[in-house]
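Here, each number is a calculation from the coordinates, and none is a lab measurement. Since this is a predicted model, take the numbers as computed values, not measurements. Note that each Cβ is placed from the backbone with ideal geometry, even for glycine, and that neighbours are counted across all protein chains shown.
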Amino acid sequence: MTGIQRGMSRGLHGQIVEVMAQRILSGQIPEGATINVPDLQADLGVSLTAVREALKVLTAKGLVDARQKRGTFVRPRSDWNLLDADMIRWHFDDDVRPELLEELHEVRGIVEPAAARLAAIRADDPNLAALDTALAAMASATDDISAAEADLAFHKALLASTGNELLTKMEVIMETGLAGRDRLVHKAKPSDDPVPSHQRVVEAVRARDPEGAELAMRELLAKAAEDLSDVRSTGSKKSGRGRK
């Protein structure tokens, strides 16, 4: 089954790109493998032009390349543009690898405490209003989707509060990564209230307390790490039962 469904909202071109990307990311087409373009075109049931256009997109993302005498091939993972927004989303589209969640947590541990510190120094009234709005949405969330959206809005607002454009762009990583993480955590711990830990960050930012804001964010991330560990533990137990 190719996963190509004409008439879908993503459009045929988008579907071709995603199917090909997922085959590479999953290892179905391994690093270094040569891609037989005519065979791929026949497998997907689309035009050769459509496949070639999709390959141009994947080339721009560092997934594939083409050379004379060698043809089109999958580049080493070290060449992939892993910070590309589509690449991040594709990594989280299906079952999320625990290692990927841990890597996301490591990135957050480096970026967000420093962001909270800067926010406490630089946040203006619109920044604080955005943080308050995100907190209110978090408190009123009635399902996993709205809770994840509110969580993302909070972290994006915090990055924006730093006044640093490069830090703000880190939302590209946060957006899909947090959505994937939140889906797992909310399923495993649906009654857990995220508001208090986020509220402490906002209170420190509003009080212009850089050290307090950084500490509150580190505590929030420690709780996030605990939640992730619980999810992994639950998954391992279920996997173990399935083998018996």
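For E53 and K169, what is the calculated FRET efficiency with R₀ set at 25 Å and r taken between the beta-carbons, to the nearest 0.05?
0.35
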Given contacts defined as C-alpha pairs under 8 Å and at least six residues apart, what's the relative contact order of region 24-129, whole-number percent? 22 percent
In nanometres, what is the gap between the two model label sites at E99 and D79, each 7 Å from Cα along Cα-to-Cβ? 2.1 nm
Per its Cα gyration tensor (rounded if a/c is under 1.5, else prolate when a/b beats b/c, else oblate), region 106-179 is best filed as oblate
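Multiplying the sequence separation of S140 and R70 by 0.36 nm and subtracting their Cα-Cα distance, what value in nm do you get? Mind dumping the intermediate values first?
Values: separation 70, 0.36 × 70 = 25.20 nm, distance 5.64 nm.
This chain segment gains 19.6 nm when fully extended.
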Gained length - A225 relative to D125, 0.36 nm times residue gap less alpha-carbon distance: 32.9 nm
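Given a Förster distance of 51 angstrom, what is the FRET efficiency for E203 paired with D39, based on the Cβ-Cβ distance and rounded to 0.05? Display every interim value, and only then the final one.
Working: r = 59 Å, r/R0 = 1.17.
After rounding to 0.05, the efficiency reads 0.30.
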What do you get for Rg/Rh of region 20-177 when both radii come from the Cα atoms and Rh is the Kirkwood radius? 1.10
